[in-house]
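In what follows, a single structure is set out as structure tokens and then discussed.
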Amino acid sequence: MPEVKSFGSLGGRRILLSAPPLERQQVKDLLIALLVEIGKFPNDIIQEDASIESELQMESAQLAQLGVAIEDELDITVDALEILGLNTFGRIVDYIHDLVR
């Protein structure tokens, strides 16, 4: 999974070093890995136009796990209702990519 933050030190204090923004493909790869891990989905069914509700049939608990995993991996806050409303994998990738830029 991509590393998005690193720490250095300055005068004995830990400081957050800025990392370059993630490319969309990196966000997509991360989300695929999380969906495979959380939902046990095969990689080949996770397409840009795959619906979270009908094609992937994610349960609400899995969707909550996905939101937490995204927040943990990328150190961002996501809106679960926004993700649910976007519904397709590609639109969710775009939403997360916009948050990490």
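Readers should treat all values here as calculations from the given coordinates under stated rules, not as data from a laboratory. No experiment lies behind these values; they were computed from the predicted model shown. Counting neighbours? That spans all protein chains shown, and the Cβs are built from the backbone with ideal geometry, glycine included.
Numerical summary
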{"quantity": "Per-pair calculated FRET efficiency, R0 = 25 Å: VAL36 and SER60 via Cβ, rounded to 0.05", "calculated": "0.85"}
{"quantity": "Amide H contacts of THR88 (H built 1.01 Å from N, under 5 Å, at least 5 apart or other chain)", "calculated": "ILE52"}
{"quantity": "Values of log10 I(q)/I(0), in the order q = 0.10, 0.14, 0.27 Å⁻¹, for segment 21-100 under a Debye, Cα-only, solvent-free model", "calculated": "-0.18, -0.37, -1.73"}
{"quantity": "Simple spin-label estimate for GLU23 and GLU48 in nanometres, 7 Å along Cα-Cβ", "calculated": "1.6"}
{"quantity": "Value of relative contact order over segment 21-100, rounded to a whole percent, pairs C-alpha under 8 Å and six or more apart", "calculated": "41"}
